[in-house]
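The values are calculated or read from the model by the stated rules, or taken from the named source; none is laboratory data. None of the values given here were measured: they were computed from a predicted structure. Counting neighbours? That spans all protein chains shown, and the Cβs are built from the backbone with ideal geometry, glycine included. Note: accessible area is taken over every heavy atom of the protein model, side chains too, but ligands, DNA and RNA are not part of it. Shrake-Rupley method; radii C 1.70, N 1.55, O 1.52, S 1.80 Å.
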Amino acid sequence: MKKIVCDILICIQMITFLALPCRVQADSSADPGELYAKSACLLDGDSGRVLWGKEESVALPMASTTKIMTCILALEKGKEDDIVTASKTAAGQPKVHLGVREGQRFLLEDLLFSLMLESHNDAAVMIAEHIGGSVEGFAGMMNDRAAEIGCEDTHFVTPNGLDKEDAGGSHHTTAADLAKIMRYCVRESPEAERFIAITQTPSHSFSDLDGAQSYGCTNHNALLTMMDGVVSGKTGFTAKAGYCYICAVESEGRLFIVSLLACGWPNNKGYKWKDTRQILSYAREAYSYRNVLEEPVSASIPVEGAVYPWGESGAVMETDIAESRGGAEELSLLLREDEHVEVQTDMPELLTAPVQAGEEVGRVTYTLYGEVCAEYPLVCTKDMEAVTLPWIMGRVLQVFFLRKPGPSV
């Protein structure tokens, strides 16, 4: 009987273990392994290439990760010493909120810290109304910028990420698009440096402009204290979206961007940190920079109707061409060990004279998964004159006048 009970307990333990999500680190050549997030993306922050994804193109709500777009637009379109007044709409925003009252005035700079450190919904609406004239006007600006960045399936309705719909659809993005937006915020925007400074700030204190009330903000991006190299990050949560997260992390000269959508619901607030560290561990191990430039292409191409260098003509002769890289000796790409760039050469089988030294006659293209990484021209290395009627006449006259006279009779 004891043996039977023991066997039953062992079976129960095995079933419980198998029911848990697998957290074993996958082989670096494959993927990060099983994740809690429904959708995730790993992006190369330098090139913008998606290195790995899990349902990364599926549209989902993104909660307060929305606020990275709100912040970067405010920095680009406004001034940090702008005075922003709380409207009735802003004052009526639900928690998490700063708790502003209608008519209160703040500096835009302080509201940006409120937005990014504590994720206050009323601060987001105040910023949106100040920059865009209205929430709807600001949402239009957000959508325009998303299109410029290259987002493929993103629609903003609110500046704070609260779930809402309009004529254009529900408030949503994809993990891939969210990663692109973060890349813009920390790499491409003219205000990237200021955006990073705000999102890295541990805490910030301020008052309204009338001095009636003081406020304090603490950064909720726990990854800042979990590991070195964290550039920026933003958390998010709504009942519909679940826990969401976006971050940018530097590691040995590489910039990785990780986005997570629907990464658990209460009481699983820590899932996003586990998933993020797991993806970053994979990224650091699997991806490194590699120079993919091979030996420069050089070849000879027949040239029809050309003049030989020594002045004789021929139906066909050859000229040399070479790849021109403009001094470039390196093309470094972030690659896995099993990834290889394809080199394609496009050049004609025959040229027609005349051709000039430096003239482009073809292209060498470096591609990765069909995407062009770099292109260099193939150029002629010397001039080739064409056999023309004036040249023929000149040649005839030259032969006639240079011909030696025959013996006299």
Inset, instruction - Summarise the accessible area of the range 40-111 (1.4 Å probe, protein heavy atoms) by the percent that is carbon and sulfur. - result: 48 percent
Inset, instruction - For the range 245-355, report the accessible area per residue in Å² (1.4 Å probe, heavy atoms, rounded to an integer). - result: 50 Å²
Inset, instruction - Can you bin the range 55-165 into rounded, prolate or oblate? Criterion: square roots of the alpha carbon gyration tensor eigenvalues sorted a ≥ b ≥ c, rounded for a/c under 1.5, prolate for a/b above b/c, oblate for the rest. - result: prolate
Inset, instruction - Would you mind computing Rg(Cα) / (2.2 N^0.38 Å) for the range 205-327, counting N as its residues? - result: 2.17
Inset, instruction - Could you sort 212-224, 37-49, 268-280 so that the peptide with the highest average Cβ count within 10 Å comes first and the rest follow in order? - result: 37-49, 268-280, 212-224
Inset, instruction - With a 1.4 Å probe and every protein chain left in place, work out the accessible area per residue of the range 124-196 in Å², rounded to a whole number. - result: 39 Å²
